Amino acid sequence: MTAWILLVLLIVLSLLGIALAALQLPGTWLILLSAVGYDALHNWTRIGWKWLVALAAVALIAEFIELMASAVVASKAGASRRATIGALVGGLAGMILLSIPVPIIGTIIGGIVGCFVGAMALELTVRGDLATGTKVGLFATLGRVAGMVVKIVAALTMAGAGVSLAVLHF
């Protein structure tokens, strides 16, 4: 009976982790922690340390890609160093500022809008050209969205692997 409860708890926490990842929150880490907890409660016999290390690596890589994607894609559009920093800072600031007045989707909207505004505004301070600033802002935003997609795919992969291994060894 306890084994079933733990399996259901792993599934619920993994689904919650996917939802959190979609909202640009640390869902991959929740999935990892739930897998570690599940395996620990089963004396490290259900998922295994190699898979847990692999899940940790996926979580780390996904977070890094989500963070850096806007800066990398903006630089492909010819963004200045200042604009790439603006994309990072603007995205984080937008997430924080819009998550309070617009719960749930505010982090997504704020991250996207903040990334665009931060990259464009700081590119304007370097070049002063609105067309270039807009292009850089748009590319930074596309990078942000690509980073979000990577993180969601990583969360889905992690949840699927963790739950599959738990069920396989049930």
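If only one of 79, 56 is at pLDDT 90 or above, crowded, with 16+ Cβ neighbours inside 10 Å and under 17 Å from residue 10 (Cα atoms), which one is it? 56 is the lone residue from the list that is at pLDDT 90 or above, crowded, with 16+ Cβ neighbours inside 10 Å and under 17 Å from residue 10 (Cα atoms). Taking only segment 134-170 into account, find how many residues are in contact with a Lys or Arg (Cβ under 7 Å, 6 or more places away or on another chain) and part of a helix (DSSP H, G or I). Counting residues in segment 134-170 that are in contact with a Lys or Arg (Cβ under 7 Å, 6 or more places away or on another chain) and part of a helix (DSSP H, G or I) gives 3. When 41, 32 are screened for being among the aliphatic types (A, V, I, L, M) and either loosely packed, with under 14 Cβ neighbours inside 10 Å or over 18 Å from the mean Cα position of the chain (by Cα) (or both), only 41 passes.
Within segment 23-38, being without any contact (Cβ under 8 Å) to a residue 40 or more places away in the chain and part of a helix (DSSP H, G or I) holds for 29, 30, 33, 36, 37. Put simply, of 20, 15, 10 the only residue that is on the phi < 0 side of the Ramachandran plot, part of a helix (DSSP H, G or I), surrounded by 23 or more Cβ atoms within 10 Å (Cβ to Cβ) and not polar (S, T, N, Q) is 10. Evaluating residue 73 against the criteria (1) surrounded by fewer than 17 Cβ atoms within 10 Å (Cβ to Cβ); (2) under 30 Å from residue 131 (Cβ atoms) leaves one unmet condition, (1).
The values are calculated or read from the model by the stated rules, or taken from the named source; none is laboratory data. Since we're looking at a predicted model, the values are computed, not measured. No Cβ is skipped: glycine too gets one built from the backbone with ideal geometry, and neighbour counts run over all protein chains shown.
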